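S.K.: Here it is, the structure in full.
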Amino acid sequence: MQSLLKAGVPLENIVVVDNGSTDGTQDYLRDINPGQVILNKENLSCGAAWNQGILALQKEWTIVMNNDIVVTHDFAIRLIAYATEKKLKLVSPARIDGVLNYDFDAFALDAQQTMQNAVRPNSSNAICMCMHWSLFKEVGFFRADPKLLGFEDGLFYNEIRKFNVLHATTGAVWIHHFGQVTQDHMKMVLGIKQKDVLVKVNDRKLYQQSWIDRKMTRHRMKASHRQWRQAEIDRFGMTLHGSRTEQSFLWL
């Protein structure tokens, strides 16, 4: 919330959906008093929360984002401008994952200048999604199923690929993402080891794909990421996805 306000996002444009927090978060949100606060009595799933937030305002553009992100000044305006210019219905910013032990504002200012023309077409992520309202009319909303425990984004992107919706990740906007903070906490509450996956699902069945189709889809996606990474390293010396270690960046 503090990052959004510092970035110049009007308070009335912010919708916060809380999935049953019991740690004082709901009192904090009442004090901040953003445009809308939706307090669920229990964890209804991220898919349900995303839908609640999207439908609360029903604007032409909606940015759905995780709760563990730091943004830059005017990031929302610049994401929408990029998507509009490139005729995209969904765009995600480039990002750094991990500990925030560096001057992110200075880094982002430089990275956004250096990487402004870098793009990964037909590749984006649910950590931060800038979406046009027409996208939901075309592919529908998110699956609202608590049993999925965060798998809703995969199903949503499967629909995006199925309908050939134009989307991308851009180097013109950067965010810092602390990592799997929410999922790590959920694993602790549920008694799941941190190294294990939060939920085991038959993704091939959910995607309604044959074994070979699922295998080929994964192969193509991994091949594309390898090509993007190498091309970005060769041209810019960095990539659109980095991980912050104690004192350096690892480019992914």
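S.K.: Using the per-residue mean of other Cβ atoms lying within 10 Å as a proxy for protection, in what order, highest first, do the peptides 91-99, 164-172 fall?
M.R.: Details: 91-99: 22.6, 164-172: 19.7.
Per-residue Cβ counts within 10 Å, averaged per peptide and sorted highest first, yield 91-99, 164-172.
S.K.: Compute the Cα gyration tensor for region 20-149, then decide on rounded, prolate or oblate, letting a ≥ b ≥ c be the square roots of its eigenvalues: rounded whenever a/c is under 1.5, prolate when a/b is larger than b/c in the other cases, and oblate in all that remain. The partial results should precede the final answer.
M.R.: Working: a/c = 1.88, a/b = 1.27, b/c = 1.48.
It is oblate, given that a/c is not under 1.5 and a/b is not larger than b/c.
S.K.: How much mean residue ellipticity at 222 nm does the chain get from its helices, if each DSSP H run of length 4 or more adds -39500 (n - 2.57) and you divide by all residues, to the nearest 500 deg cm²/dmol?
M.R.: After summing the helix terms and dividing by residue count, I get -12500 deg cm²/dmol.
S.K.: Still on this structure, please answer the following. Classify region 1-67 from the C-alpha gyration tensor, please: rounded if a/c falls under 1.5, else prolate or oblate depending on whether a/b exceeds b/c. Walk me through the numbers before you get to the answer.
M.R.: Values: a/c = 1.89, a/b = 1.13, b/c = 1.67.
Oblate, since a/c reaches 1.5 and b/c is not below a/b.
S.K.: Once you have the Cα-Cα distance between D74 and D234, take 0.36 nm times their residue separation minus that, and quote the gain in nm to one decimal.
M.R.: Length difference between fully extended and current span is 54.7 nm.
S.K.: Give the long-range amide H neighbours of D97: residues separated by 5 or more places, or on another chain, with amide H under 5 Å away, using H modelled in the peptide plane at 1.01 Å from N.
M.R.: Amide H to amide H, under 5 Å and 5 or more residues apart or across chains, D97 pairs with H177, G242, S243, R244.
S.K.: So, one more: For region 1-119, please report how many Lys pairs fall under 26 Å Cα to Cα, leaving out neighbours fewer than 8 apart on the same chain.
M.R.: Taking region 1-119 as the scope, the lysine pair count is 5.
S.K.: May I pose another question? With labels modelled as points extended 7 Å from the Cα through the Cβ direction, what inter-label distance (nm, one decimal) is found for L252 paired with A144?
M.R.: 3.0
S.K.: What aspartates and glutamates sit close enough to K215 to cross-link, taking a C-alpha to C-alpha distance under 18 Å and skipping anything fewer than 8 places away on the same chain?
M.R.: Within reach: E159, D203.
S.K.: Here is a further query. Using a Förster radius of 41 Å, what is the FRET efficiency between K222 and K41 based on their Cβ-Cβ separation? Nearest 0.05, please.
M.R.: 0.50
S.K.: Apply the a/c threshold of 1.5 to the C-alpha gyration tensor of the chain and tell me whether it is rounded, prolate or oblate. Provide the component values of the computation, followed by the final result.
M.R.: Details: a/c = 1.28, a/b = 1.07, b/c = 1.20.
Verdict is rounded for the chain.
S.K.: Please figure out what share of the DSSP beta bridges in the chain is antiparallel and state it in percent, rounded to the nearest 5. All intermediate terms of the calculation are to be shown ahead of the outcome.
M.R.: Numbers: 15 of 32 bridges.
Close to 45 percent.
S.K.: Connecting C-alpha atoms closer than 10 Å in a GNM of the chain, tell me which of Y157, Y82, Y28 has the biggest fluctuation.
M.R.: Y28
Coordinate-derived values only; no laboratory data. Since the structure is predicted, the reported quantities are computational estimates derived from the model, not experimental observations. For neighbour counting, all protein chains shown are included, and Cβ atoms are generated from backbone atoms with ideal geometry for every residue, glycine included.
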